[in-house]
Amino acid sequence: MKNELNTTKLIQLLFIALISVFSFTACDDNPDKYEMTDGIPEVYYVRVPSPASADSLLVQAFMNNTICLVGKNLRSIKELWFNDQKAILNSSFITDKTLLVTVPKTIPVIVTNKIYMITKNNDTIPYNFAVQVPEPYVASISCEYAHDGDVVTLYGDYFINDANVPLTISMAGNIPVTEILSIEKTQVKFKVPAGSQKGYLTVKSIYGIGRSHFQFRDDRGMILDWDVLKANGGWRAGKIKNTNPTGISGNYVYFTGSISGEASKDWDEDNFSFNLWGSASGRPEGDLFTTAPSASQIKFEINVTQAWSSLALQMIFTPWATQGTNGYIADKKTPRGLWRPWQGLAKGYTTDGWVTVALPLTDFKYYHDGSVGEMAGPGNYGGLTFFVYHGGIAGTSCEPYICIDNIRVVPIE
C-alpha cells in the first residue's frame, strides 16, 4: 500500500515537472519577436525600398514616399521625425541594418532638412535629409460645365498659398483666375473667369505647377447631351426639359416620381429611365466611345433638387445590336454600374446646383440586385440605359427630382 502511494506521488511530481517545462517553453515560443536595442543608431545612407534599385541613393524624398534607411543598430530607434513631423514606425519593417518608413504627408512648419532618430534611451541623433513638397495635384472640380461667373471648388492636394509666392490658377488658353475666394491644402474655391474655354487647368504654387487630371467643359466621348445627341429609337427616350431648374448646358433628362424604400418593390421605367439602343437610334456600329473600357470613366452632370433616398441609378451598357427588349435590366447576366449617393445620409441626397459625377467603368461589374459579376469587355458598349431601380439596399420612401446632362466616357488621367 505504501509503495502504491509513493508511486502515485512520483507520477504527480513528474506531471507537475512536465507542465513546468511546457509552460517555460510556451513563454519562449516566439524567439523572433521584436525587441529594441540599447545604444546609438548610425545611418550609412538612404535608398529606395526596392532591392533591385538598392544603388539608387537618396538625399531627399517627396512626402508620402517610402524610403529605406541603411545602417547599424537601427532597432534602437523609438521614434523617427522628418523636420517637425513624426513618422509612423512598423517594427515588421525594422532590422538592425535596415528600416523602411514612409515620409509624413503633412507639410512641416519648421524646416531643418533633417531626420531625427530618438532612441530607446531618449537620445536624439540627426541625419541630413530633405523632404520635398509636391507640386499641386489637381484631381477634380465640382462642376466641369460651370458657367463663367459661377463659383466652383477645385479638389486635390498641396494647394499651398505662400505669402511670398501666392497660389495662382489658369484656365485653358492661359486665362487667369482673378477671384480666388478661399484656399485650403486640399481644395480651392474660385469664380470662373469670363472667356473660359474647354481644356486643362493649371495650378501654380511655390513648389511647382500641376495640370488638372480632367478637362474643363470636356466634350470628348460625348454620348448624350440631349440637344443634338439624344436617345431616340428606344422604348423610352427620356423626359427632356431645360428649365426649373435651369439647365447647365441646354436640355437635360430628368427622373421624378414616388419610389419605395424597399429595393425590390418599384419598377417605373416611364418616369425613371431612358434607353439608348445604338442600332435603333442610328449610331455607328460598335461601341459608343473609342477608349479602352478598363481605362475609362463615365461622367455626367447632375442636379438633385428633391431628396433621393432609395434605389440605385443603374447605368447599363449593352451591345450595339441590342434593341426591342428590356430583358437585360434584371437578367443577372448584364453587368452595370450602381450609384447610390444617398447611402449614409440621414436626409437623403441633394445637390447645391449642378455637379459633376465620375465613375470608373471597372466598377461596372454588378447586377441589378447588387450582386457582383464581371466587367464586360470591348464590344459590349454600343447602347446605354439609365434606370433608377433596385440596387439591393433598402432606403427610405421619397419623391426625388433628378436631372442629368452631358453623359460621356473619357480616359482616366
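Laboratory data are not the source of any read-out in this text; all were calculated from the coordinates shown. As the structure is a computational prediction, the values presented were derived from the model and not from experiment. Note that each Cβ is placed from the backbone with ideal geometry, even for glycine, and that neighbours are counted across all protein chains shown.
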Quiz item: For Ser92 and Thr112 in the same chain, what is the full-extension length gain: residue separation times 0.36 nm, less their Cα-Cα distance, in nm?
Solution: 4.4 nm
Exercise. Quick one, can you get me the convex hull of the C-alpha atoms of region 222-411 expressed as volume per residue in Å³?
Key: 104
Quiz item: Rounded to the nearest 500 deg cm²/dmol, what is the calculated helix-only ellipticity per residue at 222 nm for the chain, with -39500 (n - 2.57) per DSSP H run of length n ≥ 4?
Solution: -2500 deg cm²/dmol
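Based on other C-beta atoms within 10 Å, arrange Leu288, Leu345 from fewest to most.
On the way: Leu288 22, Leu345 13.
Going from sparsest to densest Cβ surroundings: Leu345, Leu288.
In debye, nearest 20: dipole of region 258-368 around its Cα centre with unit charges on the Cβ of K, R (+) and D, E (-)?
Numbers: 9 positive and 11 negative charges, 61 e Å.
About 300 debye.
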Exercise. Go from 0 up to the bin containing the longest alpha carbon distance in region 137-211, width 10 Å each, and give me the % of pairs per bin.
Key: 20, 61, 18, 0
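With +1 on the Cβ of every Lys and Arg and -1 on the Cβ of every Asp and Glu, and nothing else charged, how large is the dipole of region 137-211 about its Cα centre, in debye rounded to the nearest 20? Can you show the working numbers first?
Details: 6 positive and 7 negative charges, 28 e Å.
Dipole size: approximately 140 debye.
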Quiz item: Going by how many other beta carbons lie within 10 Å of each one, how would you line up His147, His390, fewest first?
Solution: His147, His390
Self-check item: Relative exposure of Asp268, Asp218, Asp331, judged by other C-beta atoms within 10 Å (fewest first)
Solution: Asp331, Asp268, Asp218
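What Kirkwood hydrodynamic radius, in Å, does region 306-413 give when the mean of 1/r is taken over all pairs of distinct Cα atoms and then inverted? Don't skip to the end; give the middle numbers.
Values: mean 1/r = 0.0673 Å⁻¹.
Kirkwood hydrodynamic radius for region 306-413: 14.9 Å.
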Self-check item: Answer label, with Cα extents along the principal axes in Å calculated from the coordinates and candidates (1) 67, 66, 55; (2) 98, 79, 41; (3) 97, 44, 36
Solution: (2)
Self-check item: Residue among Gly238, Gly391, Gly250 with the largest mean-square fluctuation in a Gaussian network model of the chain, springs linking Cα atoms under 10 Å
Solution: Gly250
Quiz item: Applying 1/(1 + (r/R0)^6) with R0 = 25 Å to the Cβ-Cβ distance of Tyr200 and Thr246, what FRET efficiency is obtained, to the nearest 0.05?
Solution: 0.40
Quiz item: By how many degrees, 0 to 90 and rounded to 10, does the Cα axis of helix 2-27 deviate from the longest principal axis of the chain?
Solution: 50
Quiz item: Most fluctuating residue of Leu57, Leu74, Leu338 in a GNM of the chain with Cα springs under 10 Å: which is it?
Solution: Leu57
Quiz prompt | Neighbourhood net charge (9 Å Cβ-Cβ; Lys/Arg +1, Asp/Glu -1) for Tyr145 | solution = -3
Exercise. Provide the per-residue ³J(HN,Hα) series for region 169-182, in order, calculated from phi with Karplus coefficients 6.51, -1.76, 1.60 and θ = phi - 60°, each as a whole number of Hz, with x at glycine and proline positions.
Key: 10, 10, 7, 4, x, 6, 7, x, 7, 9, 10, 8, 8, 7
Quiz item: In a shell of Cβ-Cβ distance under 15 Å around Ser196, excluding Ser196 itself, what net charge do Lys and Arg (+1) and Asp and Glu (-1) give?
Solution: -3
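With an 8 Å cut-off on Cα pairs and a minimum separation of 6 or more residues, tell me the relative contact order of region 91-200 in percent. All intermediate terms of the calculation are to be shown ahead of the outcome.
On the way: 159 pairs, mean separation 20.7, N = 110.
Dividing the mean separation by the residue count of region 91-200 yields 19 percent.
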Quiz item: Using a Förster distance of 51 Å, how high is the FRET efficiency between Leu58 and His147, based on the Cβ-Cβ distance and rounded to 0.05?
Solution: 0.65
Quiz item: Tally Lys/Arg at +1 and Asp/Glu at -1 over every other residue whose Cβ is under 14 Å from the Cβ of Thr98; what's the total?
Solution: +2
